[in-house]
Amino acid sequence: MRNALVHVVGARPNFVKAAPVLRGLEALGVPQRLVHTGQHYDVAMSDVFFRDLDLPRPDESLGVGSGSHASQTAALMVALEKVFTSHPPPLAVVYGDVNSTIAAAIVCAKLGIPTAHVEAGLRSFDRSMPEEINRVVTDSLADLLLVTSPEGLDNLAREGVDGERVHLVGNPMIDTLLRHLERFDPGPVRQRLGVPERYAVATIHRPANVDQPDAARRIVLALQEAVARIAVVLPLHPRGRASLEGAGLAELADRGLMVLDPLGYLDFLSLVRGSSAVITDSGGIQEETTILGIPCLTLRPNTERPITITHGTNRLVEPEALGPALDRALAGEQAMPPDGPPLWDGHAGERIAGVIADWLR
Ligand code: UD1
C-alpha cells in the first residue's frame, strides 16, 4: 500500500490511543499501516494490549527495545528512517509523549514527511520530565496537532503554533475506555489475583519517583502510610522494581501491599473500576479515573493534564501528604462530577479520522 499513512506506536499508552484512530480511519476507507517500534516489548507491556484492544498485528515490528534516552531515541530514529525511506507515506501519525513519538517526529521532519500528533498541546511546564521535551519538540514539528483538552489550545497558541494546524478533537484514550467499559469487571479479576473487597490501586514508574534511592524511599514511606489505611494493589512497571525493592517495598507485603507484575488493559481497568482510590504517577490514569469517577491521588509536583484537577477527581500530592489525602479521598470528600471534560465522549477517534481524511484530500 504505497499511499497508506503510517501510525507509529511503541509503548503501552500509545496502543490505547491508537486503537480508536485506526478504527475511525478504517471506517472511512483510508489506507493505513501500523509500525510498532518495540519500545515496549514484554508480553505484559505490549502483546496483552494488542489482544485486549483488538489491535491489528503491526505491519512492521522494529524491535528497538530499551536503553538510555540518547541510545533508545537514536536507535528508534535509525530504524524509523529505514521504514520511511523505503515507503514514504503521505502522513505519519504519532501518539502522546514517549520516545517513539519524538523519534518519529524528527525523522519525518527531516525526510519531508508530514506528521499528525495525537494528544498535542499538553504541557507540565516541567522540563525535567523527558515527556515534556518530547511533547514540545513533537508539537513544534507536527503539521496537524490533534488536541485532547481545551487548555492544549492555549498552550499551543502561546508557543506561536499556527491555529490552522490545530484541532480540538477530544480524548481517544477515553474512547477506548468507554468502548470496553462493560468488560471492566472487578469481581473475577479480584478473585483470580486474591485482592480483597476494599482496596486502592497504585502505579509508580516515573523516573523522578523511582530512579534515585532517596525518591524511591519517599514513595515506599508514602505507601506505608497508605497500607495503614487500606489494602493497596501495586502492578509494578519493570522500571521501578529494583529501586523500590531496594527502598524496602517488600517489607510492606505483610502489612497490606500486594505487588503484582504489570497487568493488561482489561485486568488493570477492572481493578481500578472496583477500587476505592488510585495512587499514581501515570499521565493516562489521571484521565481514566476522571471518567470512571474514582478519586485519584497523583504523586507528582505538577501535571500536564490540569483538567483532571479542575474537574475535581484528581489531586497532586507530595508523598509525605499521601496519608491525609487518602483519608479525605476514602471519606468521599473528593469531587466526582457526573460529566467528563468536553469531547471526552467516546468519539475522538472518529473526529481525528475526519480531520486526517480531510487533510489527506
Ligand atoms: C515510557 C514512557 C512514559 C510512559 C511509560 C508507560 C518515555 C520517555 N517514557 O516509560 O512516558 O508513561 O512508557 O509505560 O518514552 N522495560 C521492560 N519491558 C518492556 C519495556 C521496558 O522491562 O517491555 C524496562 C526496561 O528496563 C527499560 C525500562 O523499563 O529500561 C524503561 O522503559 P522505557 O521504554 O525506557 O520507558 P518507560 O519507563 O517504560
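The values are calculated or read from the model by the stated rules, or taken from the named source; none is laboratory data. Just so we're clear, the structure is a prediction, and the values are computed from it rather than from any experiment. Positions of Cβ are generated from backbone atoms using ideal geometry, with glycine treated the same way; all protein chains shown enter the neighbour counts. Accessible surface areas use protein heavy atoms only, side chains included; no ligands, DNA or RNA. Shrake-Rupley method; radii C 1.70, N 1.55, O 1.52, S 1.80 Å.
To keep it simple, each residue is scored yes or no on (1) within 14 Å of the ligand (Cβ to nearest atom); (2) surrounded by fewer than 23 Cβ atoms within 10 Å (Cβ to Cβ); (3) more than 15 Å from the chain's Cα centre (by Cα).
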residue	(1), (2), (3)
GLY10	yes, no, no
ARG23	no, yes, yes
LEU28	no, yes, yes
GLN39	yes, no, no
PRO58	no, yes, yes
GLY67	yes, yes, yes
THR73	yes, yes, yes
THR85	no, yes, yes
LEU91	no, yes, yes
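Here is a list of conditions, (1) within 16 Å of the ligand (Cβ to nearest atom); (2) within 21 Å of ASN171 (Cα to Cα), and PRO130 meets all of them except one; can you say which number that is?
(2)
If you check PRO114 against the conditions, is it open to solvent by 10 Å² or more (accessible area, probe 1.4 Å) and within 16 Å of the ligand (Cβ to nearest atom)? Talk me through it step by step, then tell me what you get.
On the way: open to solvent by 10 Å² or more (accessible area, probe 1.4 Å): yes; within 16 Å of the ligand (Cβ to nearest atom): no.
No; evaluated as a whole, the condition is false for this residue.
Exactly one condition in (1) open to solvent by less than 20 Å² (accessible area, probe 1.4 Å); (2) assigned to a helix (DSSP H, G or I); (3) within 16 Å of the ligand (Cβ to nearest atom) is false for CYS108; which is it?
(3)
Scanning for something among the small types (Gly, Ala, Ser) and in a loop (DSSP other than H, G, I, E, B), does segment 27-49 turn up at least one residue?
Yes, the conditions are met somewhere in segment 27-49.
Considering PRO341, PRO324, PRO337, which residue is outside any helix (DSSP H, G or I) and either in the same structural domain as ILE230 (by TED's automatic domain parsing) or buried (at least 20 other Cβ atoms within 10 Å of the Cβ) (or both)? Give the steps one after another, and end with the answer.
Working: PRO324 fails: outside any helix (DSSP H, G or I); PRO337 fails: either in the same structural domain as ILE230 (by TED's automatic domain parsing) or buried (at least 20 other Cβ atoms within 10 Å of the Cβ) (or both).
Going through PRO341, PRO324, PRO337 in turn, the sole match is PRO341.
Taking the condition on the phi > 0 side of the Ramachandran plot, free of Cβ contacts under 8 Å to residues at least 60 places away in the same chain and either in contact with a His (Cβ under 6 Å, 6 or more places away or on another chain) or part of a loop (DSSP other than H, G, I, E, B) (or both), does GLY346 pass?
No, not satisfied.
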